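What follows is a short report on a single structure.
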Amino acid sequence: MSPSLESYVLLSAALFAVGFLGVLVRRNTLVIFMCLELMLVAATLALVAFSRFNGTGDGDVFVFFILTVAAAEVAVGLAIIVALFRTRHTIQVDRLNSLRR
Amino acid sequence: MEHLAFSCLSVLALGFALGVVLSKNAVNGAMCLLLCLAAIAGLFILLHAYLLAFILVLVYAGAVVALFLFIVMLLDMQGGQPWRFRAMQALAGFVASVLLIAGLDMIAVRGQLASGPPAPGAVGSNLKLYAYPLFTTYLLPVQVIGFLLLVAMLGVIVLSRRTGEAGRPT
């Protein structure tokens, strides 16, 4: 007897919610980025669970794509953060408010 | 047995996810992210997606978290900035999270999600069943993803070049 699909989907939703909370609460750009990754992984967990319980491999294939996009996103995002730190000497989001003035 | 493993792994995953959100030091956050990903890889193994668990550990825990740690140590933010509790943003985050969980709970409990036991044919254990759709049904997305990786690589090269030396204003 294995755990039901509902429990996997609920766990995935909870992980997504935790990541979302982190994006909204934290001020450090790096930690915000980590929470974004957490949200992506939560989505992949739901995809794998649906794929397993429906007996099709399509969800698993989409997880491949999500992993690839996440890797590309991390590379570009961290390069942007480093460039930002070079010019502004901070990565706290509440100090990066040039567009608000 | 499987229920016990699921409970342990889900508690570990949620706890380390909270650790990412609440840890003051970014290095501790990255370590919590690593352990959370390991727990999720265990959940993938419970779902018979062995190859995906392997790739998750390889790509995320191996490459992405290492890159995060590298950048955290490169930027060297004197210790950790404590997370200041902004009432407005914390309230927004809390309300949004509760709404999200409530909505998905409604879908999971009342919806037509209950599909009984998992399908007998475990797709995840057969490599050929991954490779065949990738090169037939999803051939165009694979090409697009390859192009995306190329563009991301070029973007990182352009972004990490030092400006201001070759006559360009900083």
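Per-structure values
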quantity	calculated
Only one of A:L78, A:L47 that is more than 8 Å from chain B (Cβ to nearest Cβ) and at pLDDT 85 or above	A:L47
Failed condition for B:A30, given (1) within 13 Å of the chain's Cα centre (by Cα); (2) surrounded by fewer than 24 Cβ atoms within 10 Å (Cβ to Cβ)	(2)
Test: residue in the range B:103-111 that is at pLDDT below 85, among the basic types (K, R) and either assigned to a helix (DSSP H, G or I) or within 18 Å of the chain's Cα centre (by Cα) (or both)	yes
Residue among B:L9, B:L58, B:L74 that alone is over 20 Å from A:V23 (Cβ atoms), open to solvent by less than 40 Å² (accessible area, probe 1.4 Å), part of a helix (DSSP H, G or I) and not hydroxyl-bearing (S, T, Y)	B:L9
Residue identified as at pLDDT 90 or above and either within 18 Å of A:A49 (Cβ to Cβ) or surrounded by 12 or more Cβ atoms within 10 Å (Cβ to Cβ) (or both) among B:L148, B:L129, B:L139	B:L148
Test: residue in the range A:51-70 that is within 7 Å of chain B (Cβ to nearest Cβ), among the charged types (D, E, K, R) and in contact (Cβ under 8 Å) with a residue 12 or more places away in the chain	yes
Filter pass, B:V21 being under 19 Å from A:V63 (Cβ atoms), facing chain A (nearest Cβ under 7 Å), outside any loop (DSSP other than H, G, I, E, B) and free of Cβ contacts under 8 Å to residues at least 12 places away in the same chain	no
Selection from the range A:20-44 of residues that are more than 7 Å from every other protein chain (Cβ to nearest Cβ) and either in contact with a helix residue (DSSP H, G or I) (Cβ under 6 Å, 6 or more places away or on another chain) or free of Cβ contacts under 8 Å to residues at least 12 places away in the same chain (or both)	A:V23, A:T29, A:I32, A:F33, A:M39, A:L40, A:A42, A:T44
The range B:151-170: number of residues that are in a helix (DSSP H, G or I) and either modelled with pLDDT of 90 or more or at positive phi (or both)	8
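The values are calculated or read from the model by the stated rules, or taken from the named source; none is laboratory data. No experiment lies behind these values; they were computed from the predicted model shown. Note: ideal-geometry Cβ built from the backbone for every residue, glycine included; neighbour counts use all protein chains shown. Keep in mind that these areas ignore ligands, DNA and RNA; they rest on the heavy atoms of the full protein, side chains included. Shrake-Rupley method; radii C 1.70, N 1.55, O 1.52, S 1.80 Å.
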